[in-house]
Structures are given as structure tokens and as C-alpha cells.
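**Q** My questions all concern the structure below.
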Amino acid sequence: MKHQGKIKISITSKEDKFIIGIGNNDPMIPKEVKNKIFDPFFTTKPTGE
């Protein structure tokens, strides 16, 4: 069975700021990767690649 994941993007404003939310329900991305996906310089590649 082919899984069809969904990406949800939301934008809201509060005073003079914007808040951008991104959601993904793809079960193929491990939880430990999801928790770090927006960290600067995060990669799943081995060191040196």
C-alpha cells in the first residue's frame, strides 16, 4: 500500500510578527529526525559527506 503523507503549512500574525507552522504526517521520518529537522546544520549524512 502506498502512503500519501501530507504537509501542512500555516501562517498567523500576532502584533508585528508572523508565525509559520509546518507539519508533516509522514511515518517514514523517524521521531528523532523530526525533533532536529530545523536545527542549524542538521544532517542525516555521515560525517564528511
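**Q** Subtract the Cα-Cα distance of LYS17 and GLN4 from 0.36 nm times their separation in residues, and report this length gain in nm to one decimal. Spell out each step's value before the answer.
**A** On the way: separation 13, 0.36 × 13 = 4.68 nm, distance 3.28 nm.
Between LYS17 and GLN4, full extension yields an extra 1.4 nm.
**Q** Could you pull out every one of the aspartates and glutamates with an alpha carbon less than 18 Å from that of LYS31, ignoring same-chain neighbours closer than 8 positions?
**A** Counting by Cα, and skipping residues close in sequence, LYS31 has these aspartates and glutamates nearby: ASP39.
**Q** Something else about it: What longest range of the chain stays clear of loop-exposed trypsin sites (Lys or Arg not before Pro) (DSSP non-H/G/I/E/B, at most 12 other C-beta within 10 angstrom)?
**A** Result, exposed sites excluded: 7-35.
**Q** Based on DSSP H runs of at least 4 residues, each adding -39500 (n - 2.57), what is the mean residue ellipticity at 222 nm of the chain after dividing by all its residues, to the nearest 500 deg cm²/dmol?
**A** -1000 deg cm²/dmol
**Q** Would you indicate which of [x] 115; [y] 83; [z] 65 is the value of volume of the Cα convex hull per residue in Å³ derived from the coordinates of this structure?
**A** Here volume of the Cα convex hull per residue in Å³ agrees with entry [x].
All of the numbers you see were taken from the coordinates with simple rules; none came from a lab. Treat the numbers as computed from the prediction; the structure is a model and nothing was measured. In this analysis, Cβ positions are derived from the backbone assuming ideal geometry, glycine residues included, and neighbour counts consider all displayed protein chains.
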